[in-house]
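Accompanying notes for the structure given below.
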Amino acid sequence: MMESRRLVELVDARLADLLASRDTIVRRIAPELGPFARYSRDLLSGGKRFRAQFCYWGWRAVGTPATEAAPPRDAELADLVDLAAGLELFHAAALVHDDIIDHSDTRRGMPAVHRRFEALHGEEGWRGDAGGFGEGSAILLGDLLLAWSDEILSHAILGAPSLDTHLAARAAIDTMRTEVTLGQYLDLLEERAWATVDPAESLARAERVIVYKSAKYSVEAPLVIGASLRGATDDQLASLRRFGLPLGIAFQLRDDVLGVFGDAARTGKPSGDDLREGKRTVLVSLTRSRLDPSSRRLFDELLGDPELDEGQIRMLQETLRQTGALDEVERMIADRMREALGELADAPLGDTAKAELASLARRITQREA
């Protein structure tokens with residue numbers, strides 16, 4: 001736990017230093033670009049750094065129970081911090097773009113980036129459509145965060161112990177970026193195409209979105225990226241994947257529950273926000289499959305209405321409970337957690353890392369925010 005806390009502190013400091021240096025560059029180009037640095041800094045000031053921690057413990061796991069992987073030396077630690085910080089920058093970019101796609105108003109208790117640019121347009125009295133300006137500006141900020149992410153990730157893997165480990169880490173990074181981008185499209189597709197899809201396929205399609213939009217890049221990919229940089233064997237990488245994927249699914253299922261039932265003071269987003277956005281989650285798919293045709297039509301009419309009031313939100317929440325869908329998702333989370341921990345127990349990985357990964361697994365699946 002001490003190592004994890006220290007890592008988070010180092011990643012926070014690295015991100016602060018990076019953004020301060022970029023602020024100088026941005027303002028040198030034009031003072032009007034100040035919001036790019038300011039909004040980036042605000043967005044990256046929060047977060048639990050789960051991806052950073054999975055990356056670190058993926059690196060640390062590359063040992064054996066008999067020959068424990070030692071903590072990183074100074075040079076190795078600097079590269080690991082860069083790697084972890086680069087993943088956090090990538091995550092921030094994904095959040096900016098995701099909020100635009102979902103028309104989300106808030107993120108981590110603050111206005112979403114596109115809403116902040118929209119408000120700036122109004123405050124300054126500029127011409128044209130404020131909403132279009134906000135979205136266009138936020139897309140550019142997300143792209144800038146992606147560029148900064150690639151810059152720091154590329155620098156991190158320069159310290160790889162061999163060309164093979166450099167290429168392996170690079171390949172894992174590239175795979176992650178491809179999968180999450182395409183997973184985002186699958187999510188967007190499900191929100192529009194659900195009415196034309198065979199209801200019998202909806203659950204499998206919702207699970208597919210979870211895998212590629214979230215599970216892989218939240219848990220599996222950071223583990224594999226960190227382990228690849230250390231020179232993990234094929235068996236070690238396979239074990240980390242078998243641990244990471246079910247855990248990543250459980251992580252996203254918990255996120256889906258919080259998106260409907262979470263306390264806004266803890267999650268930083270209004271309770272029931274996913275219902276207003278019309279998210280076609282596993283929770284929603286299970287609910288629809290258990291409703292009679294009349295009730296399903298009413299459910300579908302309400303889901304995705306951005307003007308849902310508190311009473312309608314409570315009615316939808318109660319529907320999710322009464323159908324047993326919420327209880328089923330909780331069972332799915334517990335099953336995926338057991339699967340992940342069962343794989344970890346027999347994995348050819350260092351004992352310290354295995355204990356930390358088990359603790360981290362419990363934290364991300366039992367969280368309230």
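The values are calculated or read from the model by the stated rules, or taken from the named source; none is laboratory data. From a predicted model like this one, the values you see are computed outputs, not experimental measurements. Cβ coordinates were reconstructed from backbone atoms using ideal geometry, including for glycine residues, and neighbour counts include every protein chain displayed. These accessible areas exclude ligands, DNA and RNA; they are computed on the full protein's heavy atoms, side chains included. Shrake-Rupley method; radii C 1.70, N 1.55, O 1.52, S 1.80 Å.
One residue alone among Ala13, Ala70, Ala75 is surrounded by 12 or more Cβ atoms within 10 Å (Cβ to Cβ), of a type in the set (A, V, I, L, M) and over 30 Å from His121 (Cα atoms), and that residue is Ala13. Of the residues making up the range 94-112, those that are open to solvent by 60 Å² or more (accessible area, probe 1.4 Å) and touching a Pro at 6+ places or on another chain (Cβ under 8 Å) are His103, Asp105. In the range 18-56, of all residues being charged (D, E, K, R) and under 28 Å from Glu356 (Cα atoms), the one that is surrounded by the fewest Cβ atoms within 10 Å (Cβ to Cβ) corresponds to Lys48. For the range 228-265, the set of residues classified as open to solvent by 10 Å² or more (accessible area, probe 1.4 Å) and not in a helix (DSSP H, G or I) consists of Gly231, Ala232, Thr233, Asp263, listed by residue number.
Condition first: open to solvent by 30 Å² or more (accessible area, probe 1.4 Å), acidic (Asp, Glu), part of a helix (DSSP H, G or I) and more than 25 Å from Leu186 (Cβ to Cβ). Can you find one or more residues in the range 126-149 that meet it? For the range 126-149, residues open to solvent by 30 Å² or more (accessible area, probe 1.4 Å), acidic (Asp, Glu), part of a helix (DSSP H, G or I) and more than 25 Å from Leu186 (Cβ to Cβ): absent. Of all residue pairs spaced 6 or more apart or on separate chains, those with beta-carbon atoms under 6 Å, a first member in the range 282-299 that is without any contact (Cβ under 8 Å) to a residue 12 or more places away in the chain and a second member that is in a helix (DSSP H, G or I) and open to solvent by less than 80 Å² (accessible area, probe 1.4 Å) are Arg296/Arg288. Filtering the range 301-318 to residues that are without any contact (Cβ under 8 Å) to a residue 12 or more places away in the chain and among the polar types (S, T, N, Q) leaves only Gln312.
Could you tell me whether the range 201-215 includes any residue that is open to solvent by 30 Å² or more (accessible area, probe 1.4 Å) and in contact with a Gly (Cβ under 7 Å, 6 or more places away or on another chain)? Yes, some residue in the range 201-215 is open to solvent by 30 Å² or more (accessible area, probe 1.4 Å) and in contact with a Gly (Cβ under 7 Å, 6 or more places away or on another chain).
Just to check your reading of the model, which residue among Ile210, Ile225, Ile157 is within 15 Å of the chain's Cα centre (by Cα) and either in a helix (DSSP H, G or I) or over 18 Å from Phe54 (Cα atoms) (or both)?
Result of the check over Ile210, Ile225, Ile157: Ile210.
Somewhere in the range 319-341, is a residue touching a residue at least 40 places away in the same chain (Cβ under 8 Å), charged (D, E, K, R) and over 30 Å from Arg51 (Cα atoms)? Taking every residue of the range 319-341 in turn, none turns out to be touching a residue at least 40 places away in the same chain (Cβ under 8 Å), charged (D, E, K, R) and over 30 Å from Arg51 (Cα atoms). Across the range 189-198, a minimum of one residue is classified as exposed (fewer than 15 other Cβ atoms within 10 Å of the Cβ), of a type in the set (Lys, Arg) and closer than 27 Å to Ser289 by Cβ. Going by the structure shown, is Arg115 at pLDDT below 95 and open to solvent by 30 Å² or more (accessible area, probe 1.4 Å)? No: the conditions fail for Arg115.
Would you check if Gly63 is under 16 Å from Ser218 (Cα atoms), buried (at least 18 other Cβ atoms within 10 Å of the Cβ) and at pLDDT below 95? It is false that Gly63 is under 16 Å from Ser218 (Cα atoms), buried (at least 18 other Cβ atoms within 10 Å of the Cβ) and at pLDDT below 95. Screening Ser104 on (1) part of a helix (DSSP H, G or I); (2) of a type in the set (S, T, N, Q); (3) modelled with pLDDT under 95 shows it passes everything except condition (1).
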